[in-house]
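Step one of this worksheet: look at the structure below.
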Amino acid sequence: MRVIITAGLLTLPVTALAVNTEPAGFYAGIGVSQIDYSGKAHASISEKPDWTALELSGGYKHNPFVGVESRIGVGGSPELLYGGLYYRTESANDTAKTYLLLGFAGANIKAKTGSDLSLAGPSYGAGVGFPVSRNFNFNLEYRVVVDDSDEHVNLNAFTASLDYRFSGFSGGRSSSSDSGSSSQYINPQDRGFYAGLGIAKIDLKVDEPGYEGDDEEMEEDEGGDEPSWNAVELIGGYSHSPWATVEMRLGTTDNAGEEGVDLTLNYASLYYRPSISFSQIELYGLVGFSSVRLKFEEDAYYDDEELIEGETESFSFSGASVGAGVSASITEQLSAGLEYRLLVRDDLKGEVDEEDETWDFTAVSANVNYRF
């Protein structure tokens with residue numbers, strides 16, 4: 001699914017292929033990657049893992065066709081360390097940029113027992129970026145982190161990142177046309193920060209493949225055991241134009257557990273948010289990355305006059321997040337909207353034959369936003 005999403009994004013900024021507007025210079029960035037392991041299973045790794053990794057990048061752009069970039073990243077459980085060096089070519093205008101990466105990378109996966117698994121091979125990918133200020137860009141990309149043909153293993157990543165261009169952004173205008181004014185770069189009516197507050201109804205659906213319980217257990221599982229939550233969300237973002245907007249969400253929920261059980265969610269999301277307006281109505285999409293933490297805490301209880309300590313566990317889910325919504329202008333600066341999104345879909349090791357269960361968190365929400 002991440003490949004499909006990213007390929008779709010690369011078709012959006014068609015005009016970005018026409019001209020280049022960013023000057024030469026150094027840049028640096030930080031991002032979050034969702035990395036999947038595919039290929040041959042190795043004895044040093046008990047299962048095919050996936051990671052949420054923190055990634056640092058740095059590079060130098062000489063011109064649109066000549067650029068060099070390095071990446072280094074780290075993920076946990078099992079511990080993953082990787083790095084790569086890339087040739088990077090890109091094309092940009094004042095709305096967006098598209099870019100390609102081609103290089104070589106290495107990775108090390110720390111084994112719980114035995115020797116570590118070391119990987120090395122070509123690395124390649126593609127992405128799309130959007131300027132959110134004169135120097136900052138928000139990027140979404142898909143790449144093969146490393147393709148090791150000897151070990152028959154691929155590491156594939158969907159990445160959301162923010163980079164800083166030390167040389168600034170020229171704004172797609174020559175110096176003679178903009179007369180030294182940066183206002184040519186951004187339409188003041190389309191850009192600006194905004195903040196909002198939302199309420200959401202979050203539902204959980206768990207797909208358990210290969211379940212072979214008895215009929216009574218099946219009925220219990222189908223009887224509505226999967227919880228739902230009421231959530232409050234904080235929203236913040238920056239809009240450069242309808243096609244270049246970045247948005248962040250932070251949310252927390254009420255308790256969906258039974259008596260004596262605390263079952264809550266906390267989550268964070270980062271989105272690219274394209275939109276189109278018709279008079280006072282705006283239609284928008286959300287494409288990005290979410291991380292959800294589920295907390296389970298059970299109170300202590302008595303069993304035949306014996307005090308039993310309650311259990312406390314937490315589970316983390318992360319991955320691509322997509323959605324769509326509609327908003328209406330209330331005043332020049334205030335708007336209200338309704339939306340539906342797949343907050344996150346991720347796999348968790350199941351209790352039945354240790355097969356992966358697919359957990360889908362979906363959200364229906366209403367929000368109010370204020371544009372500064």
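The values are calculated or read from the model by the stated rules, or taken from the named source; none is laboratory data. The structure presented is a predicted model; accordingly, all values stated were derived computationally and were not measured. Heads up, the Cβs are rebuilt from the backbone with ideal geometry, glycines too, and the neighbour counts pull from every protein chain shown. Side chains included, ligands, DNA and RNA excluded: accessible areas come from the protein's heavy atoms. Shrake-Rupley method; radii C 1.70, N 1.55, O 1.52, S 1.80 Å.
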Worksheet item: Does region 293-326 hold any residues that are buried (at least 16 other Cβ atoms within 10 Å of the Cβ), modelled with pLDDT of 90 or more and in contact with an Asp or Glu (Cβ under 8 Å, 6 or more places away or on another chain), and which are they?
Response: Gly323, Gly325
Response to the item:
Of all strands (runs of 3 or more DSSP E) fully inside region 227-298, the set with 1 or more residues that are touching a residue at least 60 places away in the same chain (Cβ under 8 Å) is 228-241, 244-253, 261-272, 281-298
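Could you please give the count of residues in region 121-141 that are under 14 Å from Arg71 (Cα atoms) and open to solvent by 10 Å² or more (accessible area, probe 1.4 Å)? So that I can check it myself, show each step before the final result.
Within region 121-141, the subset under 14 Å from Arg71 (Cα atoms) is 122-125, 141.
Subset that is open to solvent by 10 Å² or more (accessible area, probe 1.4 Å): 122, 124-125.
Summing the residues that are under 14 Å from Arg71 (Cα atoms) and open to solvent by 10 Å² or more (accessible area, probe 1.4 Å) in region 121-141 gives 3.
Counting only residues that are of a type in the set (A, V, I, L, M) and either in contact with a helix residue (DSSP H, G or I) (Cβ under 6 Å, 6 or more places away or on another chain) or surrounded by 14 or more Cβ atoms within 10 Å (Cβ to Cβ) (or both), how many does region 60-71 have? Lay out the reasoning, then the answer.
Pass one, region 60-71, residues of a type in the set (A, V, I, L, M): 66, 68.
Subsequent filtering for residues that are either in contact with a helix residue (DSSP H, G or I) (Cβ under 6 Å, 6 or more places away or on another chain) or surrounded by 14 or more Cβ atoms within 10 Å (Cβ to Cβ) (or both) retains 68.
Summing the residues that are of a type in the set (A, V, I, L, M) and either in contact with a helix residue (DSSP H, G or I) (Cβ under 6 Å, 6 or more places away or on another chain) or surrounded by 14 or more Cβ atoms within 10 Å (Cβ to Cβ) (or both) in region 60-71 gives 1.
Would you call Arg134 in contact with a helix residue (DSSP H, G or I) (Cβ under 9 Å, 6 or more places away or on another chain) and basic (Lys, Arg)?
Details: in contact with a helix residue (DSSP H, G or I) (Cβ under 9 Å, 6 or more places away or on another chain): yes; basic (Lys, Arg): yes.
Here the answer is yes, as Arg134 does meet what is asked.
Listed here are the residues, each with its yes/no results for (1) under 20 Å from Val368 (Cα atoms); (2) open to solvent by less than 30 Å² (accessible area, probe 1.4 Å); (3) within 18 Å of the chain's Cα centre (by Cα).
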site: Ser228; (1), (2), (3): no, no, no
site: Ser241; (1), (2), (3): yes, yes, no
site: Val246; (1), (2), (3): yes, yes, yes
site: Leu250; (1), (2), (3): yes, no, yes
site: Gly257; (1), (2), (3): no, yes, no
site: Thr264; (1), (2), (3): no, yes, no
site: Tyr272; (1), (2), (3): yes, yes, yes
site: Ser277; (1), (2), (3): yes, no, no
site: Gln280; (1), (2), (3): yes, no, no
